[in-house]
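S.K.: Okay, here's the structure, questions in a sec.
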Amino acid sequence: MEVCAYCRAPVSNGAKFCCQSCELLSAWVTDGVSPLASKKLTSSQWDKFNLIELESQFNSSTCPLFKKFRFYIEGLQCSSCVHLLEDFPLYFSGIVSSKLNYSQRTLEVQTKPEVKLGDLCAAIVSLGYEPTPLNETADYDKAQQLEQRNELKRIGVAGAVAGNAMLFAVPIYAGLDGSLGLIFKWIMFFTFLPLMFYSAVPFYKKAWGSLLIRRINVDMMITVALWAGFIFSTYSLVMGSDDIYFDSSASFIFLILLTRYFLRQHQDKLLRKNIFDDLFVNSAYEILDQKGSHYTNFKDINPNQLLMLKRNQLLPCDSYLDSSSATFDLSFLTGEVYPQIKHVGDAVPAGSRLLSVDARLYITSTATHSNLAQALNTIDTNVKDKNTIQTLSDVVAHRLTLVVFSLAALFFIFTYQTLGFEAFKRCLALITIACPCAVAFGTPLAFSMGLKKAAKHGFFVRTESVFEKLAQIKKVIFDKTGTLTSSQFKLVNNFPENISAENKSIILGLEKASLHPLALGLKESWSDADIADIKDVKEEVGNGVEAYYNGHHYQLKKSIEDGGNGAIQADFSIDGKRSNYLFFTENLRQEATDVVNEFYKLNFDVKMLTGDKRVRAVETAKKIGIRPNFVFAEQSAQSKKQIIEQENPCLFVGDGLNDLQALNQAYVSFAIRGSFESTLQVSDVYAPQKDLHALLEIINLSKNIQSTVKINLLFAIFYNTIGGLLALAGYINPLVAAVLMPVSSFLITSHTVWRLK
Amino acid sequence: MSTILFMVAVALILSITFVVSYLWALSSGQFNDLDTPALRILKDDILKGTERKNHEQQ
């Protein structure tokens, strides 16, 4: 097998090194060539980050003597990457320290004030990595780290308590009695206290929280069982009897804390990021002033200023168009993919993307007061509501608690006369035993394994409740643009059939700089054709392009005629005479029809939602196999949200760019693309690297998880019924409990692992 | 009897020591990153190459 000449990792295709960092390090170690020697250290892509206004958004240092940046690094391969990136101070002057976290893929760099963010990024790029500067709030990170540490501390203490309790319980089960037995029992009591008053505190908090909203959940059951066990055991200890349950209670709490910790580890950590900042933080905006112009970040743009918006830039504030006509892509706001033409004096809302040449805009609001910011704020508050659904385990816990308590009460009332104090003891034993561990840790275990499996297959799943919800629904609603179709157009036909190579090159030359969806479609269809070097192309906004070239006048215009069958027609004319017709339709995703059919097989209702005109929407729906009366056309972002509200419970499939509100509203939402952080925040499942087949995959996974959870629950109910009956009949003593509880835990764990491995 | 009690006391002190040292290690951030330190240790001495080059030049 061939290995890398530097790090000895296996390599393929006869390459000498496994990655660029190995090559650079090898040169450095053997020949003393600095990794950044002969590299280009500036790049136009990163230049804007040198701007102090933009840079300050990423600098988390509070001290003026140094700057501190954090990056997400893509392209980490082997241990050499750690060495190369951490030795940054040795070959890039001005860097004080550089620390990589390989598992989180983040790099933290401290620099002297003269180092600029853009140059730093360019240097990282020339080393062969893809950096993304992170602008997280330091407070949030710290709080999260602290929370995780506290959780681990509680688990550690619970583990130690459980281990020690077992150690001292075994001699007692083996028959140890007398004063030594009593000492052992007291030791168990004292070692149990840290668990009772430290490790188990989260259960009390959650139980109290659910009591306040008058709902019974699993934590309340655990709290009651734990306290019943504690009081009962302490009472027995004082009274000199043998009914001591410290060991089984401790191991039980330890197991639950552990499985819950794993569950949280698999949930995503990027949930509470600010969507709005995420959209604009990477752009520098040009403000026109008396002296000419200056650049600033989106937060420092104020009303009454003039903003020079660049082609393809996203507008952060509400505004009026001050220059002559311009084309905007409003898909972020409306979902409508066709470019919108705005004339001088027209309102242009925040979230519009400029498609034509640079435009001057008169700002009317700050970024934080724009309509877009308000709309995104409602998303933020809704996110919190969404997490509080009552899960199956909560329902089961609720019913079980009621049954167990009524049973205990009835038993006590009817047997008190005959059994006396023994009746009370048996009731407490019942409550201790009947706490179903399947509910308490079988379910989180199944969910955490499900999340792990989903992550392995490329899904980002926001919360585990998705699995439960997905298994319930029978209706799927697709967004059209960007989901069933790609947002580009495809050239389907042209007339006459053969276009000369010369005409092709002229058409491409005309469309060279255009970002119009039709232009992008053309460039893709004719990717191998030459492009004529046409200068001074005049773009008539929303209508087409024209130019003089080699003494002729060429025009490519949107036709006034309809292309038929929902197609869009464009006319190419030479010197005012039409010579070619081009027909475009939307590009359907290859797998769309297939996936819709699969949904029909699963007995799902399939519907479609779009901002497009009805005729075009129905045309697309027919091709995919969606019934025309299940097509909601001509919808705005707001009305999409309302439709989803009416159609709930449903699965909504959209893209994170323009369906944020609808995604947020849906019972279960699935996003197939979009900016990572904001999409993840509003959608339940996000699968950026996958096609629509991913939907079926995740539904199957959910069904599997749900059936595992249900079998666990059934088993637990059965097992605990028997245990409860034995307790009431007086057959349960601490030894039996110490055997019964671990056996059921073991059975449930192995069943879950076997089903979901 | 007294031997057993002595052993029990030792066991308890040991377990408390372990718990306390675990809590200390956790608070001082030793479990923050479990992957990078293992890779960091494999590092070559970069300065060797640079020195060798300087030496050759002399």
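The values are calculated or read from the model by the stated rules, or taken from the named source; none is laboratory data. These numbers come from a predicted model, not from an experiment. Positions of Cβ are backbone-derived with ideal geometry, glycine not excepted, and every protein chain shown enters the neighbour counts. Only protein heavy atoms, including side chains, enter the accessible area calculation; ligands, DNA and RNA are left aside. Shrake-Rupley method; radii C 1.70, N 1.55, O 1.52, S 1.80 Å.
S.K.: What does the highest-first list of A:295-302, A:452-459 look like by mean Cβ count within 10 Å?
M.R.: A:295-302, A:452-459
S.K.: Other chains near A:89-95: what is the mean number of their Cβ atoms within 10 Å of each residue's Cβ?
M.R.: Mean partner-chain Cβ count within 10 Å for A:89-95: 1.
S.K.: Using a 7 Å offset from the Cα along the Cα-to-Cβ direction at both A:Ser103 and B:Phe6, what is the distance between the two label points in nm, to one decimal?
M.R.: 4.3
S.K.: Further question: Could you sort A:Ser44, A:Ser233, B:Ser28 by accessible area so the largest value comes first, with the probe set to 1.4 Å?
M.R.: Largest to smallest exposure gives the sequence A:Ser44, B:Ser28, A:Ser233.
S.K.: Using Cα positions and a limit of under 18 Å, work out the lysines in reach of A:Lys206, with same-chain residues fewer than 8 apart set aside.
M.R.: Reachable lysines: A:Lys384, A:Lys386.
S.K.: Quick one: order A:Lys557, A:Lys538 from most to least accessible surface, probe 1.4 Å.
M.R.: A:Lys538, A:Lys557
S.K.: Normalised by the number of residues in chain A, what is the relative contact order in percent for Cα pairs under 8 Å and 6+ residues apart?
M.R.: Values: 1321 pairs, mean separation 87.7, N = 757.
Reported as a whole number, the value is 12 percent.
S.K.: Something else about it: Would you kindly find the accessible area of A:Leu182, with a 1.4 Å probe and non-protein molecules such as ligands, DNA and RNA excluded, rounding to the nearest 10 Å²?
M.R.: 80
S.K.: Could you tell me which of A:Ala454, A:Thr749, A:Phe280 has its Cα farthest along the dipole of the protein assembly as shown towards the positive end, charges placed at Cβ (Lys, Arg +1; Asp, Glu -1), taken about the Cα centre?
M.R.: Checked the options; the winner is A:Thr749.
S.K.: Round to the nearest 10 and report in Å² the accessible area of A:Thr132, as given by a 1.4 Å probe over the protein chains' heavy atoms.
M.R.: Around 60 Å² of this residue is reachable by solvent.
S.K.: Another question, then. Checking the table A:Lys456/B:Lys43; A:Lys490/A:Lys557; A:Lys99/B:Lys43; A:Lys504/A:Lys535; A:Lys142/A:Lys456; A:Lys490/A:Lys622 against a 20 Å threshold on Cα-Cα, which pairs fail?
M.R.: As for pairs spanning more than 20 Å Cα to Cα, those are A:Lys456/B:Lys43; A:Lys142/A:Lys456.
S.K.: Let me ask you something else. Hey, can you rank A:91-102, A:157-168 by average C-beta count inside 10 Å, highest first?
M.R.: Answer by packing, highest mean first, reads A:157-168, A:91-102.
S.K.: Would the range A:37-138 count as rounded, prolate or oblate if I go by the C-alpha gyration tensor, calling it rounded below 1.5 in a/c and otherwise prolate when a/b exceeds b/c, oblate otherwise?
M.R.: Here the range A:37-138 falls in the rounded category.
S.K.: To the nearest 20 debye, what is the magnitude of the charge dipole of the protein assembly as shown about its Cα centre, counting +1 on the Cβ of each Lys and Arg and -1 on the Cβ of each Asp and Glu?
M.R.: Numbers: 78 positive and 79 negative charges, 395 e Å.
With only Lys, Arg, Asp and Glu charged at Cβ, the dipole is about 1900 debye.
S.K.: Going by a ≥ b ≥ c, the root eigenvalues of the Cα gyration tensor, does chain A fall in the rounded group (a/c under 1.5), the prolate group (a/b larger than b/c) or the oblate group?
M.R.: prolate
S.K.: Additional query: Distance in nm between label sites at A:Tyr416 and A:His369, each 7 Å beyond Cα in the beta-carbon direction?
M.R.: Roughly 6.8 nm, to one decimal.
S.K.: Note down the accessible area of A:Trp46, probe 1.4 Å, to the nearest 10 Å².
M.R.: Estimated to the nearest 10 Å², A:Trp46 gives 20 Å².
S.K.: Further question on the same structure: Quantify how strongly other chains surround peptide B:33-43 by giving the mean number of their Cβ atoms within 10 Å of each of its Cβ atoms.
M.R.: Taking all residues of B:33-43 together, the mean is 6.
S.K.: At a 1.4 Å probe, what is the % contribution of carbon and sulfur to the accessible area of the range A:37-138?
M.R.: 50
S.K.: With a cut-off of at most 15 other beta carbons within 10 Å, and DSSP calling the residue loop, which trypsin sites (Lys or Arg not before Pro) in the range A:199-249 qualify? Please list them.
M.R.: A:Arg214, A:Arg215
S.K.: How far apart, in nm, are the 7 Å Cα→Cβ label points at A:Leu176 and B:Leu23?
M.R.: 2.5
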